[in-house]
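Q: Have a look at this one.
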Amino acid sequence: MGLNRKTAVIGSAVLAPFSGDDRSLEEILYEVSQQALKDAGLTMDDIDGIVVGSNDQFDGRAISIMAASGSVGGVDRDILSTPSAGEHAFVMGVLRVASGQYDTHLIVSWSPLEASSLSEAQRLGADPYFHRRLPLDESSAYALQAAALGARSPVAHELAEPICRRGRENGAAAGIDSSAIPTHPAAGHAHWPVKEGMMAAATSGAVALVIASEDHVRERGIECPAWVRGMGWATEAAFLGDRDLAAAEALEEASRRAYEEAGIDDPRSSFDLVELTGITPFQELIAYDALGISRRDDWKADIQSPRFTMSGELPVNPSGGAMALNPVFCTGLMRIEEAARQIRGKAGKHQIDGANLALAHAASGVAMMYQTVIVFGTNAEGGRA
Amino acid sequence: MELLKRQENWNITYTHALGEIASWFFVQIRDNAKIYGRRCAKSGRVLVPPRAFSDQTLEPTTEWVEVGPGGKIETFTIVYEPFHNLPEPPYAFGFVQLDGADTAIGGFFKGVDLADPAKAAEKLAVGTRVEAKFAEKRIGDLTDFWFEIV
């Protein structure tokens, strides 16, 4: 299944973390949207439709698109909202442009720190019958996933520390000062076996992307677009007890679809960089396996070699990823934004020279319930540039 | 300049309908201290917690099957964070596949000293045999039972 029409990211902006004291949420959404439009060289009049992804519990507003309708330019325009994941807003936007009905879209997602407890807000996501009586927030789910993985592959415990270190070092080199990041005052404690320091504390963030059709890119003469070469997404069972938490079946399915569309036969050797979602190092290992960039048996050799470092064969998370900065609800969409930015040659300090083909992996929900894979290229189709 | 913040605390009560399947499941726990799953006739899998339909085959489940009280730990964690309406931390919880079930159910682990998390984690290792224990006074909720290492 291919897209009917080629679609590309032509502009983007990130505000993460943002100060929540001198601007309201609406003012932050206005700012990040205007910055993305400016980056794309467009104005709001050039935008055909908007898709936003946000979390009502985090925002403290039912139907939180209400906060966005005015601030991101939704008044008298086509605007849709998804509460499942920020990256789902991207998928929806690309599908809408690919449908031929639209030439441009603005995608926006955000994640404030205004709830008294993100953990309590996350617990509202559990069903009220069998799971609401458990401390089942995202941190607990990450820990349950880590324990399951550690039992299946004990080497994971040994590799967790070097994975964290690489993420933090990449983040520092990319300009993220983790000591200066404002985090939630009631930030979650470590949950065994995810130890202190293995996760970046939750912070705030807002991200916006502008996407356009191949016709628009051609007519406007837009330089260096990041073409969506392949896209796949899939969802795990909602009940954690139904799942194999040491693996990621939905990610295997999502990547299969994305690779098929992009014509990727060997993901291990095809990409110039990967931006993946690993809130914990255990998630990162699970993602390696499901994405096919490092199978379980190769984990130790790959982590101990320079393979995934900035100068290695396949740099993983040049931005530092979620290990360096974790604005909870929009962390997944930020991976997509980062991978597109690399392909556009606009990643700044952490730009990978000659990046032609990039893999973006977004995961959201309880223990990576929602899995999304995007392949970006400098070329709209065909082989490597 | 002076920057203001506004604090709000909403207090809305929801009354969720459990439906026939979850109601019967919790009544058995409350009245008989027994845990049941539902069998999917198409796949033969016994789903615990029980569901009216399988989300894999999308067929209605057809039969109640008693499971447990023994089982094995599928995964666990030790939590140090306080939550509303939950026990004082630290506590251990996780998922257990009860004997006769094909999926795991969440619950708390009791009877393990959590003072040293590394030692506690060894005792709660994935695959460890446990048994469901029931409270004397039961209300028909998930906290009517917990798991102890056999």
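Q: Let me confirm one metric for peptide B:14-25, namely the mean number of other chain beta-carbon atoms within 10 Å of its residues' beta-carbons.
A: So the per-residue partner count for this stretch is 2.
Q: Would you mind checking A:Lys300/B:Lys110; B:Lys72/B:Lys110; A:Lys6/A:Lys349; A:Lys300/A:Lys346 for any pair whose Cα atoms are more than 24 angstrom apart?
A: Values: A:Lys300/B:Lys110 35 Å; B:Lys72/B:Lys110 14 Å; A:Lys6/A:Lys349 29 Å; A:Lys300/A:Lys346 32 Å.
Result: A:Lys300/B:Lys110; A:Lys6/A:Lys349; A:Lys300/A:Lys346 exceed 24 Å.
Q: For a quick check: with amide H placed at 1.01 Å from N, whose amide H comes under 5 Å from A:Asn317's, ignoring anything fewer than 5 positions away on the same chain?
A: Correct list: A:Val274, A:Glu275, A:Leu276.
Q: What does the highest-first list of A:251-259, A:219-227 look like by mean Cβ count within 10 Å?
A: Listed from highest to lowest mean packing, they are A:251-259, A:219-227.
Q: Would you mind computing, in nm to one decimal, how far apart the modelled labels at B:Glu148 and B:Arg30 are, each placed 7 Å from Cα along Cα→Cβ?
A: Distance between the two pseudo-spin positions: 2.5 nm.
Q: Okay, moving on. When you look at the Cβ of every residue in B:80-90, what mean number of other chain Cβ atoms sits within 10 Å?
A: Per residue, the number of nearby Cβ atoms from other chains is 5 on average.
Q: When chain B is modelled as a GNM with alpha-carbon springs shorter than 10 Å, which of B:Gly44, B:Gly70, B:Gly94 fluctuates the most?
A: B:Gly44
Q: Distance between Cα centroids, segment B:115-140 to segment A:149-175: provide it in whole Å.
A: When both Cα centres are located, 29 Å separates them.
Q: Once you have the alpha carbon radius of gyration of segment B:19-149, what is it after dividing by 2.2 N^0.38 Å, with N set to its residue count?
A: Rg over 2.2 N^0.38 Å, computed on Cα atoms: 1.09.
Q: Just check segment A:250-359 against the gyration tensor rule for me: Cα atoms, a ≥ b ≥ c as the square roots of the eigenvalues, rounded for a/c under 1.5, and otherwise prolate or oblate depending on whether a/b exceeds b/c.
A: Rounded is the answer for segment A:250-359, as its axis ratio a/c remains below 1.5.
Q: So, one more: Cross-link candidates for B:Lys34: which aspartates and glutamates have Cα within less than 19 Å, leaving aside residues fewer than 8 places away along the same chain?
A: Candidates past the 8-residue exclusion: B:Glu20, B:Glu63, B:Glu66, B:Asp99, B:Asp102, B:Glu131, B:Glu136, B:Asp141, B:Asp144, B:Glu148.
Q: Loop-only check: which trypsin sites (Lys or Arg not before Pro) in segment B:1-102 are DSSP coil with at most 13 other Cβ within 10 angstrom?
A: Listed in order of number, the matching sites are B:Lys5, B:Arg6.
Q: Output the residues of segment A:123-169 meeting this criterion: accessible area (heavy atoms, 1.4 Å probe) in the chain alone minus accessible area with all protein chains in place is 50 Å² or greater.
A: Output list: A:Tyr129, A:Phe130, A:Arg133, A:Leu134, A:Pro135, A:Leu144.
Q: Run the quick spin-label model on A:Ser84 and B:Asn11: label points 7 Å from Cα toward the beta carbon, then report their separation in nm to one decimal.
A: 3.7 nm
Q: In square angstrom, what is the accessible area per residue of chain A with a 1.4 angstrom probe?
A: 35 Å²
Q: From the phi angles alone, apply the Karplus equation (6.51, -1.76, 1.60; θ = phi - 60°) to segment A:5-11 and give each ³J(HN,Hα) in whole Hz, x where the residue is Gly or Pro.
A: 9, 5, 9, 9, 7, 10, x
Q: Here is a follow-up. With springs only between Cα atoms under 10 Å, which of A:Arg96, A:Arg133, A:Arg168 fluctuates most in a Gaussian network model of chain A?
A: Greatest mean-square fluctuation among the candidates belongs to A:Arg133.
Q: May I ask you to order A:86-92, B:117-123, A:212-218, B:14-20 by the average number of other C-beta atoms within 10 Å around their residues, highest value first?
A: A:86-92, A:212-218, B:117-123, B:14-20
Q: Now for a different question. Based only on the alpha carbon positions, what is the Kirkwood hydrodynamic radius of the protein assembly as shown, in angstrom?
A: About 24.0 Å for the protein assembly as shown.
Q: Enumerate the amide H contacts of A:Trp192 below 5 Å, restricted to partners 5 or more residues apart or on another chain; note that Pro and chain-start residues carry no placed amide H.
A: Those lying under 5 Å, H to H, from A:Trp192 are B:Ile78.
Q: In addition: What residues have an amide H closer than 5 Å to that of B:Val67, excluding those fewer than 5 places away on the same chain, when H is modeled at 1.01 Å from N in the peptide plane?
A: B:Ile35, B:Tyr36, B:Gly37
Q: What does the average come to when, for each residue of peptide A:113-122, you count the partner chain Cβ atoms lying within 10 Å of its Cβ? Could the numbers behind the result be given before it?
A: Numbers: counts 0, 4, 0, 3, 4, 0, 5, 4, 0, 0.
For peptide A:113-122, the averaged partner shielding equals 2.
Q: Follow-up question, since we're still on this one. How much accessible area is lost when chains A and B come together, counting both sides, with a 1.4 Å probe, in Å² rounded to the nearest 100?
A: Rounded to the nearest hundred, the buried surface is 3100 Å².
Q: Relative contact order of segment B:19-149, please, whole-number percent, based on alpha carbon pairs below 8 angstrom and at least 6 residues apart.
A: Numbers: 280 pairs, mean separation 30.9, N = 131.
Reported as a whole number, the value is 24 percent.
Q: Taking 51 Å as R0, compute the FRET efficiency from the Cβ-Cβ separation of A:Thr309 and A:Arg23 and round it to 0.05.
A: 0.90
Q: Given a Förster distance of 35 angstrom, what is the FRET efficiency for A:Met44 paired with A:Ala238, based on the Cβ-Cβ distance and rounded to 0.05?
A: 0.40
Q: Still on this structure, I have one more. Highest mean first, what order results for A:287-299, A:109-121 on Cβ atoms within 10 Å?
A: Going from most to least packed, we get A:109-121, A:287-299.
The values are calculated or read from the model by the stated rules, or taken from the named source; none is laboratory data. None of the values given here were measured: they were computed from a predicted structure. Heads up, the Cβs are rebuilt from the backbone with ideal geometry, glycines too, and the neighbour counts pull from every protein chain shown. The protein model used for the area step is the full one, side chains on, heavy atoms only, and it has no ligands, DNA or RNA in it. Shrake-Rupley method; radii C 1.70, N 1.55, O 1.52, S 1.80 Å.
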